[in-house]
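K.L.:
One structure, pasted below without further comment.
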2 protein chains.
Amino acid sequence: MSTRKPISLGLSMRYLGYHAAAWRHPAADPGAASDFSHFLHVARTAEAAKFDMVFLADGIGIRAKDDPPGSLCRSAQTAELEPLTLLSALAATTTHIGLVATASTTYNEPFHIARKYASLDRISGGRAGWNIVTSWSDAEAQNFNRDQHLDYGTRYERAAEFVEVVKGLWDSWDADAFRHDKESGVFFDPAKLHVLSHQGKHFKVKGPLSVARSPQGRPVLVQAGASEAGMEIAAESAEVVYAVPHDLETGKSYYADLKARLARHGRAPEGMKIMPGITPFIGRTEAEAREKYDLLNALVAPELGLSYLYGQMGDLSAYPLDGPVPEPNDPKVRSIAKNLLALARRDDLTIRQLYTTIAAGFGSRILIGTPKQIVDEMEAWVEAEAADGFNICPAVLPLGLEEFAEMVTPELQRRGLFRTDYSGRTLREHLGVPVPASRYGGPVVPPR
Amino acid sequence: MSTRKPISLGLSMRYLGYHAAAWRHPAADPGAASDFSHFLHVARTAEAAKFDMVFLADGIGIRAKDDPPGSLCRSAQTAELEPLTLLSALAATTTHIGLVATASTTYNEPFHIARKYASLDRISGGRAGWNIVTSWSDAEAQNFNRDQHLDYGTRYERAAEFVEVVKGLWDSWDADAFRHDKESGVFFDPAKLHVLSHQGKHFKVKGPLSVARSPQGRPVLVQAGASEAGMEIAAESAEVVYAVPHDLETGKSYYADLKARLARHGRAPEGMKIMPGITPFIGRTEAEAREKYDLLNALVAPELGLSYLYGQMGDLSAYPLDGPVPEPNDPKVRSIAKNLLALARRDDLTIRQLYTTIAAGFGSRILIGTPKQIVDEMEAWVEAEAADGFNICPAVLPLGLEEFAEMVTPELQRRGLFRTDYSGRTLREHLGVPVPASRYGGPVVPPR
């Protein structure tokens, strides 16, 4: 390997891939997102390709409203497996790859989350990570005794306290607390058990946690960190950040801003890996790559496509799909739809083209090209200090991952940008992020 | 197999077994309750012995108070793995055995529970069960924003509504809802998706669940059902009941009472299996069995043993362990300690003997004898209609399970009381309990 800085790679594997029409692709098995065997194949393929981790995004509910009519029944994003349950099954059937699951701080309790992720970390031998999110949709709120979602400020305030409690619970046991002395009958050293006794605005949690310290000291913390409050939580706690910027200049300034915040929390810049999401369409030629992209886009049912515009622009089904995006009459609607309208005007998009830009990647950055072109782009972001790695969000699974492993990973390895084998066993070791100290000062990594 | 009614067998596998001194047994690995490999061995041993299911009891917290001093650090019941996380990992590494995890209705949300168990049922190919409990300890309350536990009435009212919501969410999708029609772009039939829209006293949950109907229609529902409110929840919903009676006459009347309640809910008596917990000490001779029992009891550290009396009788460490159990001066203490005192007086027990009766099985019924004696007793309970099967709670794991599989299971099989191989694949098939109908009338078992 050259002296170039190696990059980190995550694989996003929700549903059947990130494209809204993934399930209609000729190579897709439409029911696979409900089948463990599909995810086992995906995780093992990512492990064979030496990815740092697999990742599961999550929402705790699906919309129950069929807006516009006929849209809901065309969406594959309605049935799946719960992330932690799925990752624990994968922990027992993989050996090296990191396992990151999303859990919401809005509708969970810190004790459950601390306990489950600590257990996953033990079961996987130190490969667990928690992607910290807040829940912002009414569909989720309505599954948890509310009519509407919590306001932004409350959500983030609760999230910050939630994370502090979880970290505190993970410090309950020093790594060398258990003496297991059959002769004297002493199971653990009481000086090495710590009772958190947290009392805050949102939570009152005594502890201790009933799970011994995990092989990574603590599971890896992951965050999206887009807003100011999100970036502050990330700066304090996150070891992986799934950044959102779509162009290099924004990426560079986001990276610089976030890394600069780390010092205030006594953290080194290397202790956080910034990994933007990308959805690659890979071809032996650029034309072949574009064909793959166009094939999938043509499979987005108009009823489904229009549903991605519905929330912001209302029902557009009366307008011609290949005509211009109409200007809403209602000034209130016009204000909500501002960003979408600006995009449509800038690129002179039709209604169909506008919904396709959403349906193709759901916020992940789309790269279309040859392996060389895609790796050039990845390398440019790393060299410009806009990324430490990437969260790969294939359009269709397992197909997109198999293509990436066959064509892109070898090119990354040829350039010395990516490992050819695992050198460590834990997710922290793969990422090169340190084990955090315990707030009580005790040892943090159990003897192996 | 004879015409005798076959029995169901569950294996309880919390910590290192049900005896308080299990970890000090010469054959025990004291740290095993934090290690996945231990539970994998236990589950696979139970599967090789054709058990219906493995079962994990649970509490969401451990006491943080060291009463009396020096007791807490002598308890192995302080570090474990979270049950659902553990069972999901076992789902991926076993093939037939049922997987039952406890989850509390007091400090959980129905949507999470419905989603996780439905996912476990899919991942395991139809082997999941949920043991429904309420949480009654202050140690648990203090991990969930409260000072004290909820009162009995509120807990059971909440539990009953919780179970109704979970069952409703599990009915969200008819078994044939997914059309996966790539040609037309229709993923599911909207008439076969049901939105619960529950509004009750404790919960408001809209749904639908984001998990497709599971291979068992619904995961199996398990309950302990000791109190009147608990028995009512059991009669309405439970398919397995872990009964508590310790003598045959009480067992018979409990069995008759509970089975009689089923008709009111339109259920057949065969649709519920009553399975008392037993902790067997097995020897080639009765003397050898008793030696095993005495060996473990001698390993209960007095500090730990006294902690089992502390909650009801206060600190007895100033009294001689081999002297009589003292009469508390305080009439209030005397009233709380009434049952323990009556037991001590009836059997003329010393302090040491009194705490040993608790430490040896934590409420599970203790059977000491040869395989023939133990099977005689099991058969007598089944013939007398006091049990449909048993939940085996070995004193030490994996040792007690290995002995049971080597000596007791073959005797049960010889008498035609227990299967020699699995004939089905799902936990419902093992138990012989039916797939419940959907409240919406649609198909409940997906095509295989």
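The values are calculated or read from the model by the stated rules, or taken from the named source; none is laboratory data. Being a predicted model, the structure only gives us computed values, none of them experimental. Backbone-built Cβ (ideal geometry, glycine too); neighbour counts: all protein chains shown. Keep in mind that these areas ignore ligands, DNA and RNA; they rest on the heavy atoms of the full protein, side chains included. Shrake-Rupley method; radii C 1.70, N 1.55, O 1.52, S 1.80 Å.
K.L.:
Along the charge dipole of the range B:32-145, which of B:Ala141, B:Ser34, B:Trp130 sits closest to the positive end, that is, farthest toward it, with unit charges on the beta carbon of Lys, Arg, Asp and Glu (+1, +1, -1, -1)?
P.N.:
Farthest towards the positive end: B:Trp130.
K.L.:
What is the set of long-range amide H partners of B:Phe281 at a cut-off below 5 Å, with H atoms built 1.01 Å from backbone N?
P.N.:
Amide H neighbours of B:Phe281: B:Leu367, B:Ile368, B:Gly369.
K.L.:
Something else: Could you name the aspartates and glutamates whose alpha carbon sits less than 14 Å from that of B:Lys182, not counting residues in the same chain fewer than 8 places away?
P.N.:
A:Asp29
K.L.:
Continuing with the same structure: Tell me the accessible surface of B:Thr420 in square angstrom (1.4 angstrom probe, heavy atoms of protein chains only), to the nearest ten.
P.N.:
100
K.L.:
My understanding is that a pair violates if its Cα-Cα distance is over 23 Å; which of B:Lys167/B:Lys273; A:Lys204/B:Lys116; A:Lys167/B:Lys204; A:Lys167/B:Lys201; A:Lys5/A:Lys50; B:Lys50/B:Lys372 do that in this structure?
P.N.:
Long pairs (Cα-Cα over 23 Å): A:Lys204/B:Lys116; A:Lys167/B:Lys204; A:Lys167/B:Lys201.
K.L.:
Next up: For A:32-39, what's the mean count of beta carbons from other chains sitting within 10 Å of each residue's beta carbon?
P.N.:
Partner-chain Cβ atoms within 10 Å, mean over residues of A:32-39: 3.
K.L.:
Please list B:Thr93, B:Thr154, B:Thr250 in order of solvent-accessible area, largest first, computed with a 1.4 Å probe with all protein chains present.
P.N.:
From most exposed to least exposed: B:Thr250, B:Thr154, B:Thr93.
K.L.:
Ranked highest first by average number of other Cβ atoms within 10 Å, how do B:294-306, B:76-88, A:252-264, A:182-194 line up?
P.N.:
Per-residue mean Cβ counts within 10 Å order the peptides as B:76-88, B:294-306, A:182-194, A:252-264.
K.L.:
How long are the semi-axes of the equivalent ellipsoid of the range A:295-358, taking √(5λ) for every eigenvalue λ of the Cα gyration tensor, in whole Å from largest down?
P.N.:
In descending order the semi-axes read 19, 12, 10 Å.
K.L.:
Taking only C-alpha pairs under 8 Å that are 6+ residues apart, what is the relative contact order of the range B:295-358 in percent?
P.N.:
39
K.L.:
What does the convex hull of the Cα atoms of chain A come to per residue, in Å³, rounded to a whole number?
P.N.:
For chain A, the hull spanned by Cα atoms encloses 153 Å³ per residue.
K.L.:
Please get the size of the charge dipole for the range B:295-358, origin at its Cα centre, with Cβ charges of +1 on Lys and Arg and -1 on Asp and Glu, quoted in debye to the nearest 20.
P.N.:
Value, rounded to 20: 240 debye.
K.L.:
Sticking with this one: Got a number for carbon plus sulfur as a percent of the range A:295-358's accessible area, 1.4 Å probe?
P.N.:
It is 54 percent, rounded to a whole number.
K.L.:
Need the per-residue list for the range A:166-205: every residue with at least 40 Å² less accessible surface in the complex of protein chains than in the chain by itself, probe 1.4 Å, sorted by number.
P.N.:
Those residues are A:His180, A:Lys182, A:Gly185, A:Phe187, A:Phe188, A:Lys204.
K.L.:
Please name which of B:Leu309, B:Val333, B:Thr350 has its Cα lying farthest along the dipole of the range B:295-358 towards the positive end, using unit charges on Cβ (Lys, Arg +1; Asp, Glu -1) and the Cα centre as origin.
P.N.:
Farthest towards the positive end: B:Val333.
K.L.:
Right, something else. I need the shape label for the range B:1-123. Rule: rounded when a/c is under 1.5, else prolate if a/b > b/c, else oblate, with a, b, c from the alpha carbon gyration tensor.
P.N.:
Oblate is the answer for the range B:1-123, as a/c is 1.5 or above yet b/c matches or exceeds a/b.
K.L.:
Taking R0 as 56 Å, what FRET efficiency do you get between A:Glu291 and A:Ala191 from their Cβ-Cβ distance, rounded to the nearest 0.05?
P.N.:
Computed FRET efficiency for A:Glu291 and A:Ala191 comes out at 0.25.
K.L.:
Still on this model: Using the Cα centre of chain A as origin and beta-carbon charges of +1 (Lys, Arg) and -1 (Asp, Glu), tell me which of A:Gly217, A:Phe162, A:Pro324 is placed farthest towards the positive end of the dipole.
P.N.:
A:Gly217
K.L.:
Right, another one. Run lengths n ≥ 4 of DSSP H only: what is the helix-derived mean residue ellipticity at 222 nm for chain B, with -39500 (n - 2.57) per run over all residues, to the nearest 500?
P.N.:
-10500 deg cm²/dmol
K.L.:
Just read off the accessible area of A:Glu109 with the full protein assembly in place, 1.4 Å probe, to the nearest 10 Å².
P.N.:
50
K.L.:
Kindly rank B:170-177, B:407-414, A:48-55 from highest to lowest mean number of other beta carbons found within 10 Å of each residue.
P.N.:
Ranking the peptides B:170-177, B:407-414, A:48-55 by packing returns A:48-55, B:170-177, B:407-414.
K.L.:
On average, how much accessible surface per residue is there in the protein assembly as shown, in Å², for a 1.4 Å probe, leaving out ligands, DNA and RNA?
P.N.:
The answer is 37 Å² per residue.
K.L.:
A further question on this structure: Nearest 5 is fine: what % of DSSP beta bridges in the protein assembly as shown come out antiparallel, could you say?
P.N.:
Taking every DSSP beta bridge within the protein assembly as shown, about 20 percent pair in antiparallel fashion.
K.L.:
If contacts are Cα pairs under 8 angstrom and at least 6 residues apart, what is the relative contact order of chain B in percent?
P.N.:
This gives 25 percent for chain B.
K.L.:
Shifting gears a bit: Cα gyration tensor of the range A:252-406, axes a ≥ b ≥ c as square roots of the eigenvalues: rounded (a/c below 1.5), prolate (a/b > b/c) or oblate?
P.N.:
Oblate is the answer for the range A:252-406, as a/c is 1.5 or above yet b/c matches or exceeds a/b.
K.L.:
On the accessible surface of the range B:127-234, probed at 1.4 Å, how many percent belong to carbon and sulfur atoms?
P.N.:
Here carbon and sulfur together make up 49 percent of the probe-accessible area.
K.L.:
Taking a probe of 1.4 Å and counting only protein heavy atoms, give the total accessible area buried between chains A and B in Å², rounded to the nearest 100.
P.N.:
Interface between A and B: roughly 6500 Å².
K.L.:
Per-residue Cβ counts within 10 Å, from other chains only, averaged over B:113-120: what number is that?
P.N.:
What the average comes to for B:113-120 is 5.
K.L.:
Let me know the mean shielding of A:215-227 by other chains, meaning the per-residue number of their Cβ atoms within 10 Å of its Cβ.
P.N.:
The shielding value for this peptide is 0.
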